[in-house]
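Asker: Let me give you the structure first, and then I'll get to my questions.
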Amino acid sequence: MILYNYFNAMFIGPGYVPLGWKPERPQDCGYLQYCKVCEGYKSPRSHHCRKCNRCVMKMDHHCPWINNCCGHRNHSSFTLFLLLAPLGCIHAAYIFIMTMYTQLYNRISFGWNSVKIDMSLSHRETEPIVPFGIAAFAVTLFALGLALGTTIAVGMLFFIQMKVILRNKTSIESWIEEKAKDRIQYYQIEETFVFPYDLGSRWKNFQQVFTWTGLPEGDGIVWQFREGCNPYTLTIEQLKQKADKRVRSVRYRVVEDYSGACCPVTKGIRTLFTTPCTEEPRMKLQKGELVLATRGLKHWMYGDKIFEDKLPEDVTRVRGWFPRRCVVKCVSETDSDQSDEEKKTR
């Protein structure tokens, strides 16, 4: 069952939004984001995956272990794999523990009985059928550690997946909901955001993913939504967050080259050991280039390159993480720069 659900999650795939997709009503395009790569609009609950290079229906995340995305069509198989893998490891761990216990117990008994009774009789009664030497003991102990580690790690992933499934969300949608709350709190506006796809019952939410046929409900384009919401409640919030990100983004000029290495040794010890733990790409920089930073950490920033000499339709979007020490803030449009240290001093 572990292998069956694993290969289902791998080969069935999450389901992709058709290339060039548009809503039936042209006026609904204003509520959706446009994907330049797929040359179409992103349907509700879909997101573009850089690894798959397609817009994925109800995308949760891209999983390197299945070399595919977890989404609408394979969410149930992936979650069942996360449940069955720890159970299989628990079964293996029980076998390992009992094997080591019985072998060690038999050897102790054999050593004690050999003093009191005939060696040949003791040898026939207590010698294990399978030889169990030091090497076998070490390998079994190592395998036990792997089984227990996998049980804990994959079990936590199963818990996280079930938590979002029972609320009829994905990991990405949970993050969007958190950002919606932060946006409302930051601007102190009289607005409330209600997640539209939570049907109000955990059982109903559960049935959206797990069915007797193994295929999820719906076509991945049109979704059920709770009363008081509309099909584009979430996409409208995404557009608001995208506009807010553009307003709060900061323009920087590159003052130091960066090769795009994940763990740059030449950018300082703090930059090296605080590299972002994410699959998002690193962005190669050359001195003199302009970047638009949208978010950041203490020693790293994330943003897009600015191409002033090209038309928007001719630009291929380049974005990723880069060290903060490689850039300085552009104070104005006159190319005057200011480092973070100078800003603190002033």
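The values are calculated or read from the model by the stated rules, or taken from the named source; none is laboratory data. Predicted model only: the values in this text are computed from it and were never measured. When we count neighbours, we look across all protein chains shown, and the Cβ atoms used for this are built from the backbone with ideal geometry, even at glycine.
Asker: Is there a residue being aromatic (F, W, Y), part of a loop (DSSP other than H, G, I, E, B) and surrounded by 14 or more Cβ atoms within 10 Å (Cβ to Cβ) anywhere in region 156-173?
Answerer: Checked region 156-173: no residue is aromatic (F, W, Y), part of a loop (DSSP other than H, G, I, E, B) and surrounded by 14 or more Cβ atoms within 10 Å (Cβ to Cβ).
Asker: Applying the selection to region 174-214, what residues are of a type in the set (A, V, I, L, M, F, W, C) and either farther than 22 Å from P86 by Cβ or part of a helix (DSSP H, G or I) (or both)?
Answerer: W175, I176, A180, I184, I189, F193, V194, F195, L199, W203, F206, W212, listed by residue number.
Asker: Restricting to region 286-335, what's the tally of residues that are β-branched (V, I, T) and modelled with pLDDT of 90 or more?
Answerer: Counting residues in region 286-335 that are β-branched (V, I, T) and modelled with pLDDT of 90 or more gives 3.
Asker: Quick one: how many residues across region 34-44 are out of contact with any Gly (no Cβ under 8 Å at 6 or more places or on another chain) and either touching a residue at least 24 places away in the same chain (Cβ under 8 Å) or aliphatic (A, V, I, L, M) (or both)?
Answerer: 4
Asker: Can you confirm whether Q224 is over 24 Å from the mean Cα position of the chain (by Cα) and more than 22 Å from S43 (Cβ to Cβ)?
Answerer: no
Asker: When you go through T274, T235 one by one, which is the residue that is among the hydroxyl-bearing types (S, T, Y), farther than 21 Å from H61 by Cα, surrounded by 13 or more Cβ atoms within 10 Å (Cβ to Cβ) and under 24 Å from the mean Cα position of the chain (by Cα)?
Answerer: Among T274, T235, only T274 is among the hydroxyl-bearing types (S, T, Y), farther than 21 Å from H61 by Cα, surrounded by 13 or more Cβ atoms within 10 Å (Cβ to Cβ) and under 24 Å from the mean Cα position of the chain (by Cα).
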